[in-house]
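The values are calculated or read from the model by the stated rules, or taken from the named source; none is laboratory data. What you see is a predicted model; the values in this text were computed from it and never measured. Cβ: placed from backbone, ideal geometry, glycine included. Neighbour counts: every protein chain shown. For the accessible areas, the whole protein counts, side chains as well, though only heavy atoms, and no ligand, DNA or RNA atoms are used. Shrake-Rupley method; radii C 1.70, N 1.55, O 1.52, S 1.80 Å.
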Amino acid sequence: MKRRTLAVGMAGVLVAAGAVGGAWTMWGHDDVTVEAVCALDTSRREYVTHHAVWVVVAKVAERGRYLDQTPGDSGGVLLSTLTVEDRLKGDGAAVPATFAVGQPIGVNADGAYYSGPAAEHQAVLVPGRRYVIAGSLAPEYGGGYVIAADPADDTRATPDAWTRAVAEATPQPPCEDIVTDAPTG
């Protein structure tokens, strides 16, 4: 008899909880608005420099290993060591004179690295060459994560152009794809 009473009592509790949950779902809250996370628009230096923790002119001292972060999807991170020549944004604590970075790239069927067809300001870092590089802190890659990289000697991407972008740093406008989820019932 005690088991039957316990079972009936538990059933009553579950029915009551279901009724409260159903009432809350139907009447207890307003519409919920969710904004999607937009990818950073790397075509605009002023958005990149606003988002970046640091921007430097650096020479790639050496290339490290490639970390395949999405097996079968040809996407990963290439590790490199930088020697900083000039800091356009960020201090010595965030950006030491020499530090390691991870750069998001892919590998094609021939084993060559690429940054993707739509990637603006995302030159693949090559040892011995100079770049203007914007990034964020990423201890998992030894220090930083590359958001954007331009050859420093490219007339369109000189350190002066990036210095202006640091001075004119602007937040990227919010996403346009807002979804409202109205309650059903």
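Remarks
- Summed over the residues of the stretch 94-153 and divided among them, the accessible surface reaches 43 Å² per residue at a probe radius of 1.4 Å.
- Computed from phi, the 3J(HN,Hα) profile of the stretch 50-55 under the Karplus parametrisation 6.51, -1.76, 1.60 (θ = phi - 60°) reads 5, 6, 6, 7, 9, 9 Hz, with x in place of Gly and Pro.
- Cα-projected label distance for T98 with A167, points at 7 Å along beta-carbon direction, nm: 3.4 nm
- Cβ-Cβ FRET estimate between A109 and D68, R0 fixed at 25 Å, reported to 0.05: 0.95
- For the stretch 54-107, the spread of Cα positions along each principal axis, largest first, Å: 38, 19, 15
- ³J(HN,Hα) computed for each position of the stretch 81-95 - Karplus, 6.51 cos²θ - 1.76 cosθ + 1.60, integer Hz, glycine/proline x: 10, 10, 10, 6, 9, 7, 9, 8, 8, x, 10, x, 6, 7, 10
- Residues whose amide H comes within less than 5 Å of that of E85, counting only those at least five positions distant or on another chain, are V57, A58, K59 (H built at 1.01 Å from N in the peptide plane).
- Karplus-derived HN-Hα couplings along the stretch 103-110 (A = 6.51, B = -1.76, C = 1.60, θ = phi - 60°), whole Hz, x at Gly and Pro: 10, x, 8, x, 10, 7, 4, 7
- With K and R counted +1 and D and E -1, the other residues having a Cβ less than 13 Å from that of R129 yield a net charge of -2.
- In nm, spacing of pseudo-spin labels at D91 and V126 (7 Å Cα→C-beta vector): 3.7 nm
- Distance in nm between pseudo-label sites at S43 and T155 (7 Å out along the Cβ direction from Cα): 2.3 nm
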